[in-house]
Amino acid sequence: MKFVTGAFVLLGLALCATAANAQTGLVADVEPYAQCLTSTEGPGARPVYPEGLYARKEGGRVVVEMEFSAPGQAPRVKVLGDAADADFVDAVKRHAGQLRVPCMQPGVLVKLQQEFVFVPNDGRKVSWTTPEAGPSAGYRRECITRIDSASKPEMPRRAAREGHTGAVIARIAFDGLNTEPTVTLAYAGPHRELAETVVDYAKGYRLTCGGPKLSAMQSFVFRFSDSATTVLRDTTLVNFLRGVRNAAATPVFFDLNTMSCPFEVRLNYWQPASPNRVGEIGASVQARRPFLDWLATLRIKADTDIEAGVIGDSLTISVPCGKIDL
C-alpha cells in the first residue's frame with residue numbers, strides 16, 4: 001500500500017500495486033485487567049472535586065496503587081509519591097473504593113496504578129491516566145515465530161471470486177512456549193471466509209522465548225489492486241479533534257502550556273478493538289500522561305469497516321500551546 005502524506009486523517013485514497021492483502025505487525029495488547037476495570041457507580045464515574053478546594057481554586061495530583069484480591073471486592077488503596085491535600089486523597093479513595101475487576105481469576109492478586117489530576121476551572125474537571133500494572137516487559141520480535149513460511153494469509157478463493165474485501169482484527173493469546181495460541185476476533189467483518197482465514201493463519205504463530213504468557217493483536221486488510229484504500233494522515237491536534245466522534249464524551253480540561261508545548265505525538269490507531277497507542281516524539285514529559293491517555297480513547301468518524309481498515313496505521317499529531325476545555 002502506498003501511503004499518502006498530507007493534512008488530515010481520512011479522505012485520502014491510495015491504490016494497491018498488486019492484488020494482495022496487508023497486515024500490521026503483532027502489537028502487544030494492553031493490560032487486560034485495566035480493560036475490564038469498572039465502577040459500581042456506572043460508566044463515566046470519576047472522583048468528586050472537593051467543594052472547599054474548588055472554591056479556593058486549588059488543584060492537585062494523586063497517584064494510587066489499587067490491589068484487587070477478588071472480582072467483586074473493593075481494592076486496597078495505597079497513595080504513591082508526594083501526598084496531595086487530604087481532601088483530594090479522600091476523593092480518590094472514595095472513587096477507587098467503587099472500582100472492580102470482574103475479569104480477574106479467583107486466587108489471582110491484581111495491582112493497578114492510576115493517576116488523577118484535579119484542575120480548578122469552571123467545569124470542575126478531573127482527568128486521569130489509564131490504569132496500568134507497572135512498566136511492561138514487552139516482548140522481543142524474534143520470540144514470535146511461525147510453524148510455516150507464510151508471511152501473510154492468502155486471499156480465500158471464495159473472496160477472490162465474489163469480490164469480498166475488508167478488515168479482520170485478531171487477538172492472539174499465548175499461554176505457554178511453543179504451543180498453539182488462542183485466537184479470538186476483535187473485529188470479524190462481514191465475510192466469514194476472511195475471518196476464518198485469519199484465525200487459521202494466526203494459529204500458526206508460536207512464542208518461543210520470553211513469556212511464558214503474552215497477549216497480542218494484529219490487523220489484516222484484504223483488498224484488490226484497484227481498491228481505493230483510506231489511510232491516516234499526519235495532522236494538527238485541532239484538525240484531528242474535528243475528525244473524531246467522542247472528543248466531548250466526557251468533560252476534560254488540559255493545559256497544554258504546562259506540557260512543554262508545542263510538541264508532537266505519534267498515534268497508532270486501534271479503536272474500538274483496543275485503546276490507541278500514543279507515544280511522544282522527542283523527550284518524554286510526565287505532565288502529558290493524562291492527555292496522551294485521553295488521545296488513546298478517541299475514535300475517528302468513519303463507517304465500521306473503514307475504521308477497521310485503518311487499525312494499526314499511525315499518524316503524527318502536532319500539538320500546539322493553549323488549553324483544551326470540553
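The values are calculated or read from the model by the stated rules, or taken from the named source; none is laboratory data. This is a predicted model, so every value here is computed, not measured. Cβ placement follows ideal geometry from the backbone for every residue including glycine, while neighbour counts extend to all protein chains displayed.
Considering region 1-108, the qualifying helices (runs of 4 or more DSSP H), each wholly inside and each with 2 or more residues that are modelled with pLDDT of 85 or more, run over 86-96. The set of residues in region 169-197 being among the aliphatic types (A, V, I, L, M) and in contact (Cβ under 8 Å) with a residue 24 or more places away in the chain consists of 169, 170, 172, 173, 177, 186, 194, 195. Among the residues examined, residue 256 does not qualify as assigned by TED's automatic domain parsing to the domain that holds residue 193 and not acidic (Asp, Glu).
The residues in region 125-183 that are modelled with pLDDT of 80 or more, surrounded by fewer than 20 Cβ atoms within 10 Å (Cβ to Cβ) and part of a strand (DSSP E or B) can be counted, and the count is 5.
Among residues of region 172-225 being among the β-branched types (Val, Ile, Thr) and under 24 Å from the mean Cα position of the chain (by Cα), the one that is nearest to residue 162 (Cα to Cα) is 221.
Of everything listed in (1) modelled with pLDDT under 85; (2) in contact with a helix residue (DSSP H, G or I) (Cβ under 9 Å, 6 or more places away or on another chain); (3) in the same structural domain as residue 174 (by TED's automatic domain parsing), the single unmet condition for residue 218 is (1). Mind checking whether some residue in region 220-235 is farther than 29 Å from residue 302 by Cα and in a strand (DSSP E or B)? No, every residue in region 220-235 fails to be farther than 29 Å from residue 302 by Cα and in a strand (DSSP E or B).
Of all residues in region 273-287, those satisfying the criterion of being assigned to a loop (DSSP other than H, G, I, E, B), in contact with a strand residue (DSSP E or B) (Cβ under 8 Å, 6 or more places away or on another chain) and at negative phi are 273, 274, 276, 285.
Close contacts from region 106-121, counting a first residue that is among the acidic types (Asp, Glu) and a second that is assigned to a strand (DSSP E or B), with Cβ to Cβ under 7 Å and a gap of 6+ residues or different chains, come to 115/61; 115/63; 115/128. Only one of 245, 223, 233 is among the charged types (D, E, K, R), surrounded by 17 or more Cβ atoms within 10 Å (Cβ to Cβ) and modelled with pLDDT of 85 or more. Can you tell me which? The conditions single out 233. Somewhere in region 177-195, is a residue out of contact with any strand residue (DSSP E or B) (no Cβ under 9 Å at 6 or more places or on another chain) and over 30 Å from residue 289 (Cα atoms)? The answer is yes, given that some residue of region 177-195 is out of contact with any strand residue (DSSP E or B) (no Cβ under 9 Å at 6 or more places or on another chain) and over 30 Å from residue 289 (Cα atoms). Checking residue 316 against (1) surrounded by fewer than 18 Cβ atoms within 10 Å (Cβ to Cβ); (2) β-branched (Val, Ile, Thr); (3) touching a helix residue (DSSP H, G or I) at 6+ places or on another chain (Cβ under 9 Å): exactly one of these is not met. Which one? Result: residue 316 passes all but (3). Kindly indicate whether any position in region 224-237 is under 30 Å from residue 287 (Cβ atoms) and of a type in the set (Asp, Glu). Looking for residues that are under 30 Å from residue 287 (Cβ atoms) and of a type in the set (Asp, Glu), one finds at least one in region 224-237, hence yes. Looking at residue 309 and the list (1) farther than 28 Å from residue 44 by Cα; (2) at pLDDT 85 or above, which single condition is not satisfied? Just one mismatch for residue 309, condition (2). Scanning region 75-91 for residues that are more than 17 Å from residue 34 (Cβ to Cβ) and touching a residue at least 24 places away in the same chain (Cβ under 8 Å) yields 84, 85, 87, 88, 89, 90, 91.
For region 251-272, the set of residues classified as of a type in the set (Asp, Glu) and more than 26 Å from residue 302 (Cα to Cα) consists of 255 only.
Checked against the criteria, residue 59 counts as in contact (Cβ under 8 Å) with a residue 40 or more places away in the chain and of a type outside the set (Phe, Trp, Tyr).
Determine if region 275-283 includes at least one residue that is buried (at least 18 other Cβ atoms within 10 Å of the Cβ) and without any contact (Cβ under 8 Å) to a residue 24 or more places away in the chain. The answer is yes; a qualifying residue exists.
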